[in-house]
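The values are calculated or read from the model by the stated rules, or taken from the named source; none is laboratory data. Keep in mind it's a predicted model, so treat the numbers as computed, not measured. Note: ideal-geometry Cβ built from the backbone for every residue, glycine included; neighbour counts use all protein chains shown. Ligands, DNA and RNA are excluded from the accessible area calculation, which covers all protein heavy atoms including side chains. Shrake-Rupley method; radii C 1.70, N 1.55, O 1.52, S 1.80 Å.
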Amino acid sequence: MDSREILSLYEWTPGLCFRHPSRGEVDTTPVSTLHPRNDGALEVRACRDCVVEMEGVRRRAAEKAGVPYEAGHVAHPLRGRKR
């Protein structure tokens with residue numbers, strides 16, 4: 001699966017990337033939610049470059065753990081059993 005196909009699995013809206021806030025508003029997708037004490041929920045968003053990098057990390061981790069890799073879930077930890 002190439003980067004374009006991976007990115008098409010996500011919904012994109014303008015926002016600030018957690019790793020690249022200096023880029024200003026760019027297309028981002030939610031990747032996590034933080035729940036700081038007394039501050040409700042804060043959404044963590046990532047840009048396209050970061051999502052592609054995070055998907056690569058997930059793919060390599062799945063291979064190492066012997067579990068199936070499925071793109072489109074950077075907000076979720078790897079799940080599954082060893083093959």
Cβ pairs under 6 Å, 6+ apart or interchain, first in the range 46-60 and at pLDDT 95 or above, second open to solvent by less than 90 Å² (accessible area, probe 1.4 Å) and part of a helix (DSSP H, G or I), ordered by first then second residue, are ARG48/LEU7; VAL52/SER3; GLU55/ILE6
Just one of GLU63, GLU43 is in contact with a strand residue (DSSP E or B) (Cβ under 6 Å, 6 or more places away or on another chain), open to solvent by 90 Å² or more (accessible area, probe 1.4 Å), outside any loop (DSSP other than H, G, I, E, B) and not β-branched (Val, Ile, Thr); which is it?
-> GLU43
Checked the range 14-32 for anything open to solvent by 70 Å² or more (accessible area, probe 1.4 Å) and among the polar types (S, T, N, Q); matches are SER22
